[in-house]
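Input: a single structure, listed below in structure tokens.
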Amino acid sequence: MKILLASLCLISLLVILPSVFSASSSSEDFDFFYFVQQWPGSYCDTQKKCCYPNSGKPAADFGIHGLWPNYKDGTYPSSCDDSKPFDSSTISDLLTSMKKSWPTLACPSGSGEAFWEHEWEKHGTCSESVIDQHEYFQTALNLKQKTNLLGALTKAGINPDGKSYSLESIRDSIKESIGFTPWVECNRDGSGNSQLYQVYLCVDRSGSGLIECPVFPHGKCGAEIEFPSF
Ligand code: 5GP
Ligand code: 5GP
């Protein structure tokens, strides 16, 4: 009897445990999003150079890089569902705005679809439990509209003129205007100067609004960074 009970216990443990683990590490689970925008001047003036999209030189404005599901511990899920490939027909009503607000600068030149496809497959598929493909792109476009990063900076006298600005003044002006603390990522121009490359803002799990970041990415800019023209 004891042996029978023990083996029943063991069998039930073997059945239950895997489902408990797969539920807690489900790749669709996430805590918040990073909404990441890139300064095109800083993508283009590096040693690697850039290519303008087929539709021509984008506006001198921040462009969307991505909307990235993240965990509070700083790690993140990626490429969560290869059964849901990018399908541009689901966002045909958004394409005009996408070309304007989410332009691609990688070489060779393209329409942007390869960039959007990459972002959907790597990041978007990890938030499918909350928003579908159309909502994913719509959410990013809405956030771009709402945040107006360039406006926040220029209002504080910080212009894309190739001059240097303190990292603190950049952060403060964004916080002042948008209400939330941004994370600033730098890269290096062709001569090795540290410059304003990307700005991260955090968004709640439902994609409906900005929040203070539960955790910031790693990396460091100098105390003074360049804001190149585009
Ligand atoms: P890098 O290593 O150049 O900073 O990032 C390369 C890519 O990894 C990013 O474009 C993005 O797709 C992903 N990535 C980097 N850091 C993060 C992060 O903190 N959260 C998420 N969700 N993705 C990240
Ligand atoms: P992530 O760094 O988000 O994982 O990957 C970005 C991918 O999208 C890279 O393969 C990169 O070549 C491509 N890509 C296409 N256009 C752009 C762009 O304008 N900016 C960035 N950062 N990546 C782009």
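Rounded to the nearest 10 degrees, the inclination of helix 113-122 to the longest alpha-carbon principal axis of the chain is 40 degrees. Over the chain, the reciprocal of the mean inverse Cα-Cα separation, the Kirkwood hydrodynamic radius, stands at 19.3 Å.
Paramagnetic label reach from Asp161 (point 7 Å along Cα→Cβ; backbone nitrogen cut-off under 16 Å): within segment 207-230, residues 225-230.
One chain, two ends: Lys84 and Lys57. Fully extended at 0.36 nm per residue, the span grows by 6.6 nm beyond their Cα-Cα distance.
Quick one: net charge around Asp87, please, counting Lys, Arg +1 and Asp, Glu -1 for every other residue with C-beta under 12 Å from its C-beta. So the environment of Asp87 carries a net charge of -3. Charge tally for Glu176 (other residues, Cβ to Cβ under 13 Å; Lys, Arg +1; Asp, Glu -1): +1. Think of it as helices only: each DSSP H run of n ≥ 4 in the chain is worth -39500 (n - 2.57), and spread over all residues that comes to -10500 deg cm²/dmol at 222 nm. Backbone amide hydrogens, once placed in the peptide plane, bring Tyr197 within less than 5 Å of Glu185, Cys186, Asn187, excluding anything fewer than 5 places away on its chain. Calculated accessible area for segment 32-227 comes out at 46 Å² per residue, all protein chains present (probe 1.4 Å; ligands, DNA, RNA ignored). For the listed peptides 130-139, 72-81, 150-159, a ranking on the average number of other beta carbons within 10 Å per residue, highest first, reads 130-139, 150-159, 72-81. You can think of it this way: the chain between Ser206 and Asn142 has 21.7 nm of extra reach, that is 0.36 nm per residue less the Cα-Cα gap. Taking Glu212, Glu121, Glu185 in turn, the Gaussian network model of the chain (Cα-Cα springs below 10 Å) assigns the largest fluctuation to Glu212. Would you mind checking the tilt of helix 133-147 against the longest principal axis of the Cα atoms of the chain, expressed as 0 to 90 degrees and rounded to 10? So the helix axis and the longest Cα principal axis differ by about 40 degrees.
Here the relative contact order of segment 91-156, from alpha carbon pairs under 8 Å that lie six or more residues apart, stands at 38 percent. Here the gap between Ser229 and Ser191, fully extended at 0.36 nm per residue and compared with their Cα-Cα distance, gives a gain of 12.2 nm. With contacts taken as Cα pairs under 8 Å at a separation of at least 6 residues, the chain carries a relative contact order of 25 percent. Counting Lys and Arg as +1 and Asp and Glu as -1 over every other residue whose Cβ lies under 13 Å from the Cβ of Phe115, the net charge comes to -2. Return one number: the angle in degrees, 0 to 90 and rounded to the nearest 10, between the long axis of the Cα atoms of helix 167-178 and the longest principal axis of the Cα atoms of the chain. Computed tilt is about 70 degrees.
The values are calculated or read from the model by the stated rules, or taken from the named source; none is laboratory data. Since the model is a prediction, treat every value here as computed from it, not as a measurement. With ideal geometry, Cβ positions are generated from the backbone for all residues, glycine too; neighbour counts draw on all protein chains shown. Surface areas here come from the heavy atoms of the whole protein model, side chains and all, with no ligands, DNA or RNA. Shrake-Rupley method; radii C 1.70, N 1.55, O 1.52, S 1.80 Å.
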